[in-house]
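In what follows, a single structure is set out as structure tokens and then discussed.
Please treat every number below as a calculation from the coordinates, not as lab data. Predicted model only: the values in this text are computed from it and were never measured. Cβ sites come from the backbone with ideal geometry, for glycine too, and all protein chains shown count toward neighbours.
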Amino acid sequence: MHCTIHIDGGARGNPGPAAAGVVIVDADNDQPLLEAGYFLGKTTNNVAEYNGLLRALDAAADLGAGRIDIHSDSELMVRQIHGEYRVKSPDLKPLFQQAVQRLAGFDNWTLTHVRREKNKRADQLANIAMDAQADTVLTS
């Protein structure tokens with residue numbers, strides 16, 4: 001299966017209450033497979049972005065995806081995953097390592113930086129989870 005994924009993470013305050021949003025769509029028929037917001041408690045924006053990626057990778061693997069195209073508005077995370085930036089933060093290093101390990105489990109993957117306006121639904125889902133202070137799964 002080929003999936004298109006949009007992810008976002010955010011924190012109100014840095015650190016502050018944080019959440020991640022994940023949208024997974026079947027790329028062959030544009031059917032939504034998952035729309036979810038995950039409340040993360042108090043953390044930083046960058047940790048929330050990585051948690052969005054990790055939640056999306058776990059969900060895509062559970063759905064049986066072999067090929068995934070991921071879109072994120074976190075330039076830092078995208079460049080770190082591609083090896084363009086070093087991961088200096090001790091909070092991000094284990095998340096980075098987990099992400100690289102999980103990406104290796106897919107037949108083919110891309111991770112692309114997109115502008116915020118191209119990532120609106122994932123941002124909305126993160127905000128819904130932050131407002132509710134709870135995970136919110138709208139489609140599965």
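Summary of computed values
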read-out: Distance histogram for segment 2-139 (every C-alpha pair counted, 10 angstrom bins, percent rounded to whole numbers); value: 14, 47, 34, 5, 0
read-out: Relative exposure of Asp91, Asp69, Asp107, judged by other C-beta atoms within 10 Å (fewest first); value: Asp107, Asp91, Asp69
read-out: Sum of -39500 (n - 2.57) over DSSP H runs of 4+, divided by residues of the chain (222 nm, nearest 500); value: -11000 deg cm²/dmol
read-out: Chymotrypsin sites (Phe, Trp or Tyr not before Pro) restricted to DSSP loop in segment 81-133 with at most 13 other C-beta within 10 Å; value: Tyr85
read-out: Among Ala65, Ala104, Ala126: highest mean-square fluctuation, GNM of the chain, C-alpha pairs under 10 Å; value: Ala104
read-out: Net dipole in debye of the chain [+1 Lys, Arg Cβ; -1 Asp, Glu Cβ; about Cα centre; nearest 20]; value: 560
read-out: Distance between modelled label sites at Glu75 and Ala27, nm, 7 Å Cα→Cβ extension; value: 2.5
read-out: Farthest toward positive dipole pole in segment 2-139 [+1 Lys/Arg, -1 Asp/Glu at C-beta], among Leu33, Gly9, Tyr85; value: Tyr85
read-out: Length-normalised contact order of the chain in % [C-alpha pairs under 8 Å, at least 6 apart]; value: 35
read-out: Estimated dipole of segment 13-89 in Debye, rounded to 20 [Cβ of Lys and Arg +1, of Asp and Glu -1, Cα centre]; value: 540
read-out: Euclidean distance of C-alpha centroids, segment 8-27 and segment 75-89, integer Å; value: 18
read-out: Residue order, fewest to most surrounding Cβ atoms within 10 angstrom, among Glu84, Glu49, Glu75; value: Glu84, Glu75, Glu49
read-out: Ratio of Rg to Rh over segment 15-58 (Cα coordinates, Kirkwood Rh, two decimals); value: 1.08
